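Colleague: Can you read through this structure? Questions will come right after.
The values are calculated or read from the model by the stated rules, or taken from the named source; none is laboratory data. Just so it is clear, the model here is predicted, and its values are computed rather than measured. All Cβ positions, even for glycine, are placed from backbone atoms using ideal geometry, and neighbour counts span all protein chains on display. The protein model used for the area step is the full one, side chains on, heavy atoms only, and it has no ligands, DNA or RNA in it. Shrake-Rupley method; radii C 1.70, N 1.55, O 1.52, S 1.80 Å.
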Amino acid sequence: LRAVNANAVHTSFTHSQQAKAKAHQINSPSTDLVDSMIRLHVIANSNSTADQTLKYQVRDAIINELQQDLANAADPQEAEQRICAEKDYIMNTAEKVIRSHGFSYPVSVSLEDRYFPTKQYGDLTFPPGTYRALCVEIGKSEGRNWWCVLFPCLCFVDETTAVVPEDSKQKLKQHITTEEYNRLTATSSPAPKKKTPSPSPKVSFHSGIYDWITSH
């Protein structure tokens with residue numbers, strides 16, 4: 001009996017592993033997708049209101065400085081070359097913003113591979129995975145972070161009205177397969193519909209005495 005149970009457990013465990021592996025394969029980004037973009041990752045010094053506000057101010061300055069330059073890059077490789085060439089300028093821009101708001105935090109700027117969770121941009125949803133990223137770490141970098149796709153340009157300062165530019169979509173299509181692009185669109189989740197409240201059930205009260213009198 002023990003042998004039978006052990007086999008059943010082993011079979012169940014194997015099936016569970018296979019299911020997880022299949023789910024990981026479905027949700028993981030392809031090599032083409034990973035190689036087609038460069039992310040921007042900004043990490044705040046802490047979660048204080050002031051440090052979080054500063055994070056967004058640094059983000060805005062970097063995006064404004066890089067977007068136009070990277071928009072003219074032909075591919076991710078050229079975009080990465082331009083970022084590397086402007087690394088010191090990016091750091092100086094971040095430091096200038098930090099000092100102008102009364103802080104003296106150091107800044108670390110690097111281009112490296114980092115893991116990102118699922119991210120939605122308009123009608124495109126990018127799966128979680130390890131992507132190339134321009135990383136900007138402020139101070140102790142212990143606060144909440146912010147990220148976007150820097151190339152092709154999918155960084156939105158106001159994400160509530162985010163609309164993916166058509167030229168960015170076209171540039172993305174040039175570097176990934178049609179199947180991969182369709183996956184990005186297919187995984188987008190529409191806004192949840194508001195539920196119409198069900199009418200409250202009617203509750204009736206009866207008097208046992210009244211019912212007995214009226215029935216005789």
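Colleague: Here are some conditions: (1) modelled with pLDDT under 95; (2) under 23 Å from the mean Cα position of the chain (by Cα); (3) open to solvent by 30 Å² or more (accessible area, probe 1.4 Å). Leu33 meets all but one. Which one does it not meet?
Modeller: Going through the list (1) modelled with pLDDT under 95; (2) under 23 Å from the mean Cα position of the chain (by Cα); (3) open to solvent by 30 Å² or more (accessible area, probe 1.4 Å), Leu33 breaks only (3).
Colleague: Sort out which residues of the range 72-81 are surrounded by fewer than 16 Cβ atoms within 10 Å (Cβ to Cβ) and either in contact (Cβ under 8 Å) with a residue 40 or more places away in the chain or closer than 16 Å to Ser36 by Cβ (or both), and write them in order of number. Lay out the reasoning, then the answer.
Modeller: Applying the first criterion (surrounded by fewer than 16 Cβ atoms within 10 Å (Cβ to Cβ)) to the range 72-81 yields 72, 74-75, 77-78, 81.
Result: Ala74, Asp75, Gln77, Glu78, Gln81.
Colleague: Next question. Scan the range 85-114 for residues that are under 26 Å from the mean Cα position of the chain (by Cα) and of a type in the set (A, V, I, L, M) and jot them down.
Modeller: Ile90, Met91, Ala94, Val97, Ile98, Val107, Val109, Leu111
Colleague: For a quick check of your reading of the model, give me the residue pairs whose first member lies in the range 101-117 and is within 25 Å of Gln81 (Cα to Cα) and open to solvent by 60 Å² or more (accessible area, probe 1.4 Å), whose second is of a type in the set (S, T, N, Q) and outside any loop (DSSP other than H, G, I, E, B), with beta-carbon atoms closer than 6 Å and at least 6 apart or on different chains.
Modeller: Pairs found: Asp113/Thr130; Tyr115/Thr130.
Colleague: Moving to a separate point now. So, in the range 144-168, of the ones that are at pLDDT 85 or above and crowded, with 19+ Cβ neighbours inside 10 Å, which residue ends up nearest to Ile62 (Cα to Cα)?
Modeller: Leu150
Colleague: Looking only at the range 122-141, how many residues end up being surrounded by 19 or more Cβ atoms within 10 Å (Cβ to Cβ) and either touching a Cys at 6+ places or on another chain (Cβ under 8 Å) or of a type in the set (Asp, Glu) (or both)?
Modeller: Residues flagged as surrounded by 19 or more Cβ atoms within 10 Å (Cβ to Cβ) and either touching a Cys at 6+ places or on another chain (Cβ under 8 Å) or of a type in the set (Asp, Glu) (or both) within the range 122-141 amount to 1.
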